[in-house]
Amino acid sequence: MILNIYAKVKGFGMTADGSAADLVASLKGYLEELRESGVDGLPWAVQEKAGRKIEAGSDAAVTAAAMPADEGESLGRIRADLGECQRCSLGKSRTNLVFGVGNPGARILFVGEAPGRDEDLQGEPFVGEAGQILNRIITRMGMKREDVYICNVLKCRPPGNRNPEPAEIEQCGPFLLRQVRAIAPEIIVALGTFAAQTLLGTKAPISKLRGTFHDYHGIPLMPTFHPSFLLHNKKDTGKFWDVWDDMVKVLGKLDMPVPDVKRKE
Ligand code: URA
């Protein structure tokens, strides 16, 4: 977008040694051209519409500007664009593409790693044992599964639940970003190491990432432990409470009531 504006401004006559007045005139010309061609807002309009004020020049404005603006984005259109996706080799081995489920206007978006066996068979994220745990977390938060939106970084199951490969992430990533822009959640919860590290572009362990808000394209992102991790460490109840503490922070940030959950000593 920034390069695009630069190229357009040059096209309007801005020279390398041009004055500030030239620049303003060129930008004005470009913005008028945009308006005439039907563009009535700049990229961060999507987030401002969702109630988040983004200050011009802030990090959020810069990252939002880096995303192509499209207020007409919808989950239906993104799903249609994915089609019978064969962009990576997972297209051959999957049973169903698992796009996502929930409220398209959700305040909270949960992002997991990739579909497992049950999800691959049913075409819906988090419907297996890990899904039952996620459902319990959502219920404890005072919501229903239908209130939030749930999806994964990868839309297709890696064979044998192996770790996602970089080429697969590269192909699927833009569709997740489009889902985020369409839903415009107020908070993203990244479930587990893989989702957190991928969305935040870091190799830091989940134990270090969880518990504080990070930034994903201007949206607060809370990493927490993956429901499967809780499932495989059932005896470590402290991990359950860590997740609950993270969710309390999420509810607090959204000004939502925090249900009173008693901890057994
Ligand atoms: N684990 C995930 O990360 N996603 C699912 O949909 C199911 C299990």
Checklist entry - What residues of the stretch 86-107 lie in the reach of a label at Arg79, counting those whose backbone N is under 16 Å from a point 7 Å from the Cα along Cα→Cβ? => result 96-106
Checklist entry - Using the Karplus equation 6.51 cos²θ - 1.76 cosθ + 1.60 (θ = phi - 60°), what ³J(HN,Hα) coupling, rounded to whole Hz, does each residue of the stretch 141-156 give in order, writing x for Gly and Pro? => result 6, x, 10, 10, 3, 6, 7, 9, 10, 10, 8, 10, 5, 9, 8, 10
Checklist entry - Based only on the alpha carbon positions, what is the Kirkwood hydrodynamic radius of the stretch 88-153, in angstrom? => result 12.2 Å
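Highest first, please rank the peptides 107-117, 161-171, 206-216 by the mean number of other Cβ atoms sitting within 10 Å of their residues.
107-117, 206-216, 161-171
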Checklist entry - Taking only C-alpha pairs under 8 Å that are 6+ residues apart, what is the relative contact order of the stretch 93-221 in percent? => result 31 percent
Checklist entry - Assigning unit charges at the beta carbon (Lys, Arg +1; Asp, Glu -1) and nothing else, what dipole magnitude in debye, to the nearest 20, does the stretch 124-208 show about its Cα centre? => result 160 debye
Item to check | Alpha carbon Rg of the stretch 222-265, scaled by the compact-globule rule 2.2 N^0.38 Å | outcome: 1.23
Next on the checklist: So if the hydrodynamic radius of the stretch 132-265 is defined as the Kirkwood radius over C-alpha pairs, what does Stokes-Einstein give as its diffusion coefficient at 37 °C and 0.692 mPa s, in µm² per second?
Outcome noted: 208 µm²/s
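So if each residue of separation counts as 0.36 nm, and I subtract the Cα-Cα distance between Thr139 and Val101, what length gain in nm does that give?
Working: separation 38, 0.36 × 38 = 13.68 nm, distance 1.61 nm.
Fully extending the segment from Thr139 to Val101 adds 12.1 nm.
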Checklist entry - According to a simple spin-label model (label point 7 Å from Cα along Cα-to-Cβ), what is the distance in nm between Ala204 and Gln122? => result 3.4 nm
Checklist entry - Tell me, what HN-Hα J-couplings in whole Hz come from the Karplus equation 6.51 cos²θ - 1.76 cosθ + 1.60 at θ = phi - 60° for each residue of the stretch 181-191, using x for Gly and Pro? => result 5, 6, 7, 6, x, 7, 9, 10, 10, 8, 8
Next on the checklist: If each residue of separation counts as 0.36 nm, what is the full-extension length gain between Arg162 and Thr212 once their alpha-carbon separation is subtracted?
Outcome noted: 15.2 nm
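Where nothing but the Cβ of Lys and Arg (+1) and of Asp and Glu (-1) is charged, how large is the charge dipole of the stretch 86-178 around its Cα centre, in debye to the nearest 20? Could you put the intermediate results ahead of the total?
Details: 13 positive and 11 negative charges, 22 e Å.
Dipole size: approximately 100 debye.
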Checklist entry - Normalised by the residues of the stretch 186-230, what does the relative contact order come to in percent, with Cα pairs under 8 Å and at least six apart? => result 48 percent
Checklist outcome for this item: Output for the stretch 129-204 (equivalent-ellipsoid semi-axes, sqrt of 5λ from the C-alpha gyration tensor, Å, descending) is 22, 16, 12
Checklist entry - Taking the alpha-carbon centroid of each part, what is the distance from the stretch 167-211 to the stretch 98-119 in angstrom? => result 12 Å
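Read the figures in this text as sums done on the coordinates, not as results from a lab. Please read all numbers here as calculations on a predicted model, not as lab measurements. FYI the Cβ positions are ideal-geometry reconstructions off the backbone, even for glycines, and counts take in every protein chain you see.
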